[in-house]
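Working notes, beginning with the structure itself.
The numbers here are math on the coordinates, done by the rules we state, and not lab data. Just so we're clear, the structure is a prediction, and the values are computed from it rather than from any experiment. We place every Cβ from the backbone using ideal geometry, glycine too, and count neighbours over all the protein chains shown.
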Amino acid sequence: MRGARLPAGWTLEAIRSISGDQEAIALDTERSVEWAAGPECRARLQPEIVLGFHGLCLVKPVHEEDWYMGSLNGDGSVDCWSAYSDLYEALRGL
C-alpha cells in the first residue's frame, strides 16, 4: 500500500501489544486529515504516518512530533480531536 509505514523503531507487533488491538495496521497516508477540536477550530494536517485501529486512527503529521487521535470516516478521511506528545501514550489512550 503506497504511503503506509510504521514509525521508526516500532514494529506492528509492539503497536498491537501496547494498543490491545491485534488488528492494528499501518494505513496509506494519501487521505484527508483534519484537526477538528470544534466547529470553528479546524486545520488540515499533512500525514506522515497513519495507524488504523478499527474505527480510530493515530496520525503523525509531517514536521511534527505530536500524534493526533481521531475517527476514520467511511470515505477514508480522518477527523482528529485529541493530541499526544508521545506515541506510547497515544497507543495507551485508545
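From the residues in the range 62-94 that are acidic (Asp, Glu) and not in a helix (DSSP H, G or I), which one is surrounded by the fewest Cβ atoms within 10 Å (Cβ to Cβ)? By that ranking, first place goes to Asp75.
So that you can scan it fast, the table gives a plain yes or no per residue for (1) within 18 Å of Gly70 (Cα to Cα); (2) free of Cβ contacts under 8 Å to residues at least 12 places away in the same chain; (3) surrounded by 10 or more Cβ atoms within 10 Å (Cβ to Cβ):
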site	(1), (2), (3)
Leu6	yes, no, yes
Trp10	no, no, yes
Leu27	yes, no, yes
Val33	yes, no, yes
Pro39	yes, yes, no
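Say we look at the range 22-53 and pick out the residues that are small (Gly, Ala, Ser) and part of a strand (DSSP E or B); which of these is nearest to Cys80 (Cα to Cα)? Once the filter is applied, the top-ranked residue is Ala36.
Suppose the filter is under 18 Å from Leu94 (Cα atoms) and in contact with a Cys (Cβ under 6 Å, 6 or more places away or on another chain); does Trp10 pass it? When the stated conditions are applied, Trp10 does not pass them.
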